[in-house]
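Laboratory data are not the source of any read-out in this text; all were calculated from the coordinates shown. Predicted model only: the values in this text are computed from it and were never measured. Please note: Cβ atoms are built from the backbone with ideal geometry, for glycine as well, and neighbour counts cover all protein chains shown.
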Amino acid sequence: MSFSPHIPNMMATCSLDEYVKIWDIAAPEKPKLVSYKKLASGELFSLSFYKDIPWVLAAGGSKGEVAVWDTEENEAISKHFAGSLDKSLVPEEEEDEEEEDDSEEEEKTKKKKLKKEKLKQVNKIAEGLKKARELRKQK
């Protein structure tokens, strides 16, 4: 189980059925299932939201692989939690003085590009973990 550090009331769970489920826990006595996704990591044992990228989580399972899911790409999740992102909790990126005049659309494009770059970094880490595990098996 993991709670989003950026989106209040957003919780993720994983289980041996290989699914990650996203819940709205605004009413803790009756959580609402928002969406779910089967990840390619086998039976899932652990998951965590990525602290530097809103909406992103990683899960690990019986296949020994880490799967990364950008939950914002799921329409049900992005619609349900729209406007819930607590921007005060998101690490700010350094900006050049020239960037202050960017239009709103340009700013969105830059943020998407930055998010993609961070996701690539997360995926590289996951690949590195996979290779290290394979090397340990060979020894």
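What to note about this one:
- Taken about its Cα centre, the range 1-84 carries a charge dipole of about 160 debye when Lys and Arg each add +1 at the Cβ and Asp and Glu each add -1 at the Cβ.
- Multiplying the residue separation of LYS116 and PHE45 by 0.36 nm and removing their Cα-Cα distance gives an extension gain of 23.0 nm.
- Between TYR19 and LYS37, the contour length at 0.36 nm per residue exceeds the Cα-Cα span by 5.9 nm.
- Between GLU75 and SER103, the modelled labels are 2.7 nm apart [label points 7 Å from Cα along Cα→Cβ].
- Candidates per trypsin sites (Lys or Arg not before Pro) in the range 34-85, loop by DSSP, up to 16 other Cβ within 10 Å: LYS51, LYS63
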